[in-house]
Structures are given as C-alpha cells and as structure tokens.
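Student: Sending over a structure as structure tokens; questions will come in a sec.
The values are calculated or read from the model by the stated rules, or taken from the named source; none is laboratory data. In this text the structure is predicted, and so the values were computed from the model without any measurement. Counting neighbours? That spans all protein chains shown, and the Cβs are built from the backbone with ideal geometry, glycine included.
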Amino acid sequence: GWAPEQDQSLRVPAEWRHLGPVAPLDELVLTFALRQQNVEHLVKLVGRVSDPDSPQYGKYLSLEELRTLVQPSLLTLSTVHKWLGAYGIKGCKTISTLDFLECVMPASTAERLLPGAQFHRYESGQRSAVRSPVPYTLHEDLAEHIDFVGGLHRFPAERKVVTRASGKEEATARYQQRAA
Amino acid sequence: FHLGVTPSVIRKRYNLTDGDIGALPNNSQACAQFLEQYFHPADLAEFMKLFASSFGHRSRVDQVVGHQELGKAGLEASLDVEYIMSTGANISTWVFSNAGRHESQEPFLAWLLLLSNMSSVPWVHSVSYGDDEDSLSRAYMERVNVEFMKAAARGLTVLFASGDAGAGCRKLAGGSHTFRPSFPASSPYVTTVGGTAFKNPFRVTWEVTDYISGGGFSNVFPMPDYQAAAVRNFLHSAPKLPPLSYYNSSGRAYPDLAALSDNYWVVTNRIPLPWVSGTSASTPVVGGIMALINDRRLQKGLPPLGFLNPALYKLQEKGPTDALYDVTQGCHLSCLDAAVEGQGFCAGPSWDPVSGWGTPNFPQLLKALLNP
C-alpha cells in the first residue's frame with residue numbers, strides 16, 4: 001500500500017481520553033481530497049489577480065470558473081468512484097469544485113478500505129471524536145488520484161484565548177525555570 | 001486613560017472616526033469557530049450597548065452557518081464576533097460554526113469544504129486556529145494551501161491568527177531545540193496577523209510587540225516572491241538574530257501585519273471580562289478593518305481586496321508610508337535554553353517576524369488600498 005500521510009503526527013492530545021475501539025457498524029464520515037488539475041495555472045492566476053501592477057488585478061473567478069479550472073480529471077473521478085463502489089460505498093457528497101468527497105460508511109468498511117486504519121473513540125469533556133491511532137494506506141493505484149483522507153488522525157483544535165493573568169503566571173514560571 | 005482595550009480604544013488608536021462604518025448592504029465579513037464554542041446574541045447586544053455607543057454598528061449576526069447551541073457561550077467565539085463587528089462596524093457579519101457535525105469529521109476541513117461549496121460568501125474571513133507545522137502531514141498542508149489559493153482566486157481575504165507562543169519551541173530527537181512554526185499561519189496564501197500591546201497599558205500610546213505574538217519561518221513552504229525583499233532586509237539589518245539552526249530563513253515568513261492583542265474587554269455569558277489577550281483578538285480587529293476597506297472599494301466600483309499580501313508588501317516597499325504604524329520595540333517568546341534564553345525574534349524598522357509590517361492606520365491604509 002501507499003501511505004499519503006506517513007509524516008502525520010499520531011499523538012493523541014493530552015485532553016482526549018481513549019474510550020476504546022468503535023463497533024464495526026458505527027458510522028463514520030471520511031473526507032477524500034481528490035487530486036486537482038491545473039494547480040500550476042492556479043498559482044499563476046492567483047499571482048495575477050492579487051498583484052496591483054497586473055492588468056488582471058481584481059479580476060476574480062466565479063465558483064463555476066474555478067470548478068472548470070481545478071476539478072479532478074474524469075479518470076480521477078471514475079477511478080475513485082469505482083474504488084468506493086467496490087466496497088459498497090455509495091451516495092458520497094461532493095462540492096462545487098468536485099475536488100472533495102464526503103462519504104458515510106460503517107467503521108468495518110473504512111478499515112478494509114484504508115488498510116492499517118483502526119478506528120477508536122476518544123472523549124474530551126462533552127466532545128467525542130473517532131480517530132485512528134495508526135496510519136492508513138491506500139492502494140498504490142490511487143496515489144495519483146487522492147491527496148489525503150480526512151477524518152483519521154487530526155483531532156479538533158483546542159486553541160483558546162490567553163487571559164493575561166494566566167500569561168503572567170506562565171511568564172513567571174518560565175523566568176523562575178530560567179533562573180534555576 | 002483607559003482600563004483596557006475596548007472598541008473605542010481600538011478605533012481611536014487606528015484612527016477610525018465615527019463615520020468610518022459600513023455603508024453597503026451587500027458587503028459582509030465572517031469569523032470561523034472550530035471549537036465547540038458558541039456566541040450568545042445577548043452577549044453581543046450587551047457588549048455593543050456597553051462599549052459601542054459612540055459609533056454606528058449592528059448588534060446582531062446576520063447569518064450563522066453551521067450549528068449554534070444554546071449552551072454556555074465561549075470566550076473565543078464572543079471575542080471574534082464582538083471585535084470584528086466593532087472595527088467592521090455596521091457590516092453584515094456571518095459566523096461559521098464548525099465543531100464537526102460528526103465525531104469522525106475534522107472541523108477545519110469541514111469549514112474549507114463549506115467555503116469551496118458556497119457561491120456567495122463574505123469577502124473577508126477571520127480565523128483563529130492553528131496547529132504546529134510538524135504535527136501535520138505535508139500532503140495535508142500542501143492541499144490546504146491549494147484551498148487558500150482557490151479562495152484567493154475568488155477574491156476572498158483570509159486572515160489567520162499568528163498564534164500565541166511567539167516563535168514556539170520544539171525539542172528534536174538529539175535534544176537540541178528549534179522554533180516551531182504554526183500552520184495555516186505559515187501558508188503563503190493567507191494574511192497572518194500578529195499581536196501588539198500599548199507601550200503604556202493604560203493609555204492610547206504607540207505600540208510595542210506582544211511577547212506572545214506568533215511569528216517565524218515555515219519549514220514547509222518556501223518564501224513567496226512578494227515578501228522576499230522585505231524579509232531579506234530584516235535578516236540583513238537585524239542587530240541580533242537567533243542561531244540559524246533554529247529557523248529556516250528561506251521559508252515563508254509571518255506574520256504580515258498586526259494589531260493590539262493585549263488586555264481586551266469581552267462580554268461572555270452576560271459578564272464583561274477584562275484581560276483577554278492573544279492574536280485571536282487582533283485577527284478579527286484587522287478583519288473588520290479590511291471589510292471596511294472593501295466597503296469603500298465596492299462603493300467606488302472597485303473589486304474587493306482579495307488576497308492582500310502582494311498589495312500589502314508592494315505598498316510598503318514603494319517607500320515611506322504611514323499606512324501602517326511600524327512596531328519597532330520588543331521581542332517574542334521562544335525556547336528556554338542557553339542559546340536563545342527564551343527570546344525568539346525582535347521587532348525592528350520595516351517588516352519583522354513579530355509584528356509584520358505593523359498595525360493599521362486606517363485613513364492612510366484606506367487611501368493606499370483604494371489605489372494600490
């Protein structure tokens with residue numbers, strides 16, 4: 001198999017508590033990022049529409065024009081749909097630019113679809129998340145059609161605003177540590 | 001004299017007059033939430049009643065995309081909404097609330113999909129979210145970067161908070177340290193907002209860097225052409241730099257600009273709270289200002305600002321300008337070790353990796369961006 005995200009951290013954030021594996025029939029929503037076309041052209045286009053010295057400055061694309069530019073090739077769309085169909089996964093939702101697919105499937109199917117993945121449930125306060133603590137792979141034939149699969153490793157962000165009181169405590173602790 | 005940052009303090013510092021409010025019904029701005037946090041309309045109304053009586057404003061969010069629960073309000077959500085609607089006053093405001101509908105979804109990814117699926121979205125998006133670059137796969141970051149290019153091609157201005165850990169710090173396997181850049185702040189296709197504080201915390205004085213202001217150099221994305229000259233100038237002229245082993249001097253450098261990030265008042269769960277800080281505060285402030293500039297551009301029949309960085313760096317490099325207040329004092333946090341002793345980069349004249357180009361001087365910035 002091919003591991004598109006072998007460098008993704010698999011660390012479970014400290015605030016998330018492991019509850020155990022999910023049941024085989026528990027439903028998951030996975031997001032497939034399909035390989036786009038004309039990305040090099042998009043880079044140049046963004047440079048021109050954002051550069052005040054360019055005659056194309058401010059001549060932005062509509063969502064339809066953007067779709068025409070970046071939508072995945074027919075080969076990519078048919079290969080991915082065939083692959084999902086072979087596992088009985090149907091009715092995936094796409095977006096206007098056709099470059100993402102969101103599919104609902106039982107955990108057992110997801111584990112067969114993405115060899116290596118094992119889905120577990122985690123909890124942080126009132127929130128729960130299903131993630132795989134081990135990397136997933138894809139069939140090598142999909143390497144040129146899929147950028148990554150979302151919903152396996154990255155936990156929801158826990159970033160919070162700083163209150164200056166806590167910032168001061170933190171700074172004091174740092175300086176004490178430094179002095180020591 | 002003031003007892004903390006409120007909308008009137010911000011408007012005074014950045015020279016927004018009472019007349020500097022939105023006038024167009026079809027202009028809009030947005031902030032996005034990825035934590036399971038909600039704002040309360042009653043908090044927003046109370047905040048505006050307490051702090052926004054001197055200028056025209058709206059007291060209600062026009063559109064919530066996603067799920068808004070009725071539970072306890074979150075500080076972060078309240079902060080975003082209250083301040084984007086204070087600088088971008090009287091501008092229609094949307095809130096994207098993406099805690100993830102399903103427990104296997106990634107909330108940030110869900111927001112990106114929404115953005116790429118709606119034909120009509122606000123022109124300006126303020127986002128306070130970030131992860132350590134080294135915790136994310138390259139495939140994921142490169143693809144998300146393309147999603148920001150897609151937004152730029154549509155004329156959207158996407159602003160990200162630079163983070164609250166200064167240059168950050170990462171211990172490598174051998175025991176040595178390096179700085180720790182944050183993504184999406186390090187994407188070359190977003191505008192990244194750092195943080196500052198008043199020199200005198202109780203007066204509307206000039207600004208110095210906020211020591212928590214995130215900034216540095218990407219280890220993933222190479223330096224884009226639009227900022228090469230500015231960053232080179234910084235690297236050549238800074239009196240003191242951290243050892244080269246701590247950062248990738250050829251990477252995308254951030255932040256691009258900054259705003260006050262220290263000592264804000266926020267109303268949450270009906271209680272006015274002081275001492276709220278972070279680049280989560282400065283980002284919606286800049287977001288509102290950019291939405292206001294879009295308002296004036298749209299009134300003149302000009303297109304919206306879109307991806308701001310090429311115009312911003314060009315404007316600053318043309319020569320002396322008072323469109324942004326240059327922040328030249330202060331350093332931010334980094335690794336606590338003998339080599340850098342807790343200090344990352346320091347601010348200096350022109351662009352620097354703590355405060356970018358500096359903080360907005362609205363009338364001059366408006367003038368410059370009406371005809372870049």
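Student: So, restricting to helices (runs of 4 or more DSSP H) that lie completely within the stretch A:1-110, which ones have at least 1 residues that are under 24 Å from B:PRO188 (Cα atoms), more than 9 Å from chain B (Cβ to nearest Cβ) and at pLDDT 95 or above?
Tutor: Passing ranges, in order: A:39-50, A:63-70.
Student: Restricting the stretch A:59-97 to residues that are touching a residue at least 12 places away in the same chain (Cβ under 8 Å) and of a type in the set (S, T, N, Q), which is nearest to A:ILE146 (Cα to Cα)?
Tutor: A:THR76
Student: Does any residue of the stretch B:127-135 turn out to be free of Cβ contacts under 8 Å to residues at least 12 places away in the same chain and either at the interface with another protein chain (Cβ under 8 Å from one of its Cβ atoms) or under 15 Å from B:GLY66 (Cβ atoms) (or both)?
Tutor: yes
Student: Which condition number does B:MET85 fail, the rest of (1) in a loop (DSSP other than H, G, I, E, B); (2) surrounded by 23 or more Cβ atoms within 10 Å (Cβ to Cβ); (3) at pLDDT 90 or above being met?
Tutor: Condition (1) is where B:MET85 drops out.
Student: Filtering the stretch B:136-145 down to residues that are buried (at least 20 other Cβ atoms within 10 Å of the Cβ) and under 19 Å from A:GLN71 (Cβ atoms), which residue is nearest to the other protein chains (Cβ to nearest Cβ)?
Tutor: It comes out as B:ARG143.
Student: How many of the residues in the stretch A:1-21 are buried (at least 16 other Cβ atoms within 10 Å of the Cβ), closer than 23 Å to A:PHE100 by Cβ and in contact with a His (Cβ under 9 Å, 6 or more places away or on another chain)?
Tutor: 3
Yes or no, residue by residue, for (1) out of contact with any helix residue (DSSP H, G or I) (no Cβ under 7 Å at 6 or more places or on another chain); (2) within 14 Å of chain A (Cβ to nearest Cβ); (3) over 22 Å from B:PHE51 (Cα atoms):
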site: B:PHE217; (1), (2), (3): yes, no, yes
site: B:ALA229; (1), (2), (3): no, no, yes
site: B:ARG232; (1), (2), (3): yes, no, yes
site: B:HIS236; (1), (2), (3): yes, no, yes
site: B:GLY251; (1), (2), (3): yes, no, yes
site: B:ASP262; (1), (2), (3): no, yes, no
site: B:VAL266; (1), (2), (3): no, yes, no
site: B:VAL285; (1), (2), (3): no, yes, no
site: B:GLN299; (1), (2), (3): yes, no, yes
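Student: Out of the residues in the stretch B:317-363 meeting the condition of being among the polar types (S, T, N, Q) and part of a strand (DSSP E or B), tell me which one is nearest to the chain's Cα centre (by Cα).
Tutor: Applying the filter and picking the extreme gives B:THR359.
Student: Give me the pairs, please: first residue somewhere in the stretch B:148-161 and facing another protein chain (nearest Cβ under 8 Å), second residue anywhere and crowded, with 24+ Cβ neighbours inside 10 Å and hydroxyl-bearing (Ser, Thr, Tyr), beta-carbon distance under 7 Å, and either six or more positions apart or on two chains.
Tutor: Close Cβ pairs satisfying both conditions: B:MET149/B:TYR189; B:ALA152/A:SER50; B:ALA152/B:TYR189.
Student: May I ask you to verify whether B:VAL146 is more than 21 Å from B:SER218 (Cα to Cα) and either assigned to a helix (DSSP H, G or I) or in contact with a strand residue (DSSP E or B) (Cβ under 9 Å, 6 or more places away or on another chain) (or both)?
Tutor: In short, no.
Student: Then there's this: Looking only at the stretch B:172-203, how many residues end up being touching a residue at least 12 places away in the same chain (Cβ under 8 Å) and over 16 Å from the mean Cα position of the chain (by Cα)?
Tutor: Summing the residues that are touching a residue at least 12 places away in the same chain (Cβ under 8 Å) and over 16 Å from the mean Cα position of the chain (by Cα) in the stretch B:172-203 gives 10.
Student: How many residues are in contact with a Lys or Arg (Cβ under 8 Å, 6 or more places away or on another chain) and within 25 Å of B:MET141 (Cβ to Cβ) when one looks only at the stretch A:49-72?
Tutor: The total comes to 8.
Student: Here is a further query. Could you please find all residues in the stretch B:42-59 being within 22 Å of the chain's Cα centre (by Cα) and basic (Lys, Arg)?
Tutor: B:ARG58
Student: Another question, then. Does the stretch B:20-29 include one or more residues that are more than 14 Å from chain A (Cβ to nearest Cβ), touching a strand residue (DSSP E or B) at 6+ places or on another chain (Cβ under 6 Å), crowded, with 20+ Cβ neighbours inside 10 Å and farther than 24 Å from B:GLU106 by Cβ?
Tutor: Taking every residue of the stretch B:20-29 in turn, at least one turns out to be more than 14 Å from chain A (Cβ to nearest Cβ), touching a strand residue (DSSP E or B) at 6+ places or on another chain (Cβ under 6 Å), crowded, with 20+ Cβ neighbours inside 10 Å and farther than 24 Å from B:GLU106 by Cβ.
Student: Consider B:LEU308 carefully, then state whether it is within 14 Å of chain A (Cβ to nearest Cβ), touching a residue at least 60 places away in the same chain (Cβ under 8 Å) and in contact with a Gly (Cβ under 7 Å, 6 or more places away or on another chain).
Tutor: no
Student: Among the listed residues A:LEU152, A:LEU113, which satisfies the condition of being modelled with pLDDT of 95 or more, crowded, with 19+ Cβ neighbours inside 10 Å and more than 10 Å from chain B (Cβ to nearest Cβ)?
Tutor: A:LEU113
Student: Next up: Looking at the stretch A:1-18, which of its residues are within 30 Å of A:GLY91 (Cα to Cα) and in contact with an Asp or Glu (Cβ under 6 Å, 6 or more places away or on another chain)?
Tutor: Across the stretch A:1-18, the qualifying residue is only A:TRP2.
Student: Looking at the stretch B:89-119 only, could you name the residues that are assigned to a loop (DSSP other than H, G, I, E, B) and at the interface with chain A (Cβ under 9 Å from one of its Cβ atoms)?
Tutor: Of everything in the stretch B:89-119, those that are assigned to a loop (DSSP other than H, G, I, E, B) and at the interface with chain A (Cβ under 9 Å from one of its Cβ atoms) turn out to be B:ALA99, B:GLY100, B:ARG101, B:HIS102, B:GLU103, B:SER104, B:GLN105, B:GLU106, B:SER116, B:ASN117, B:MET118, B:SER119.
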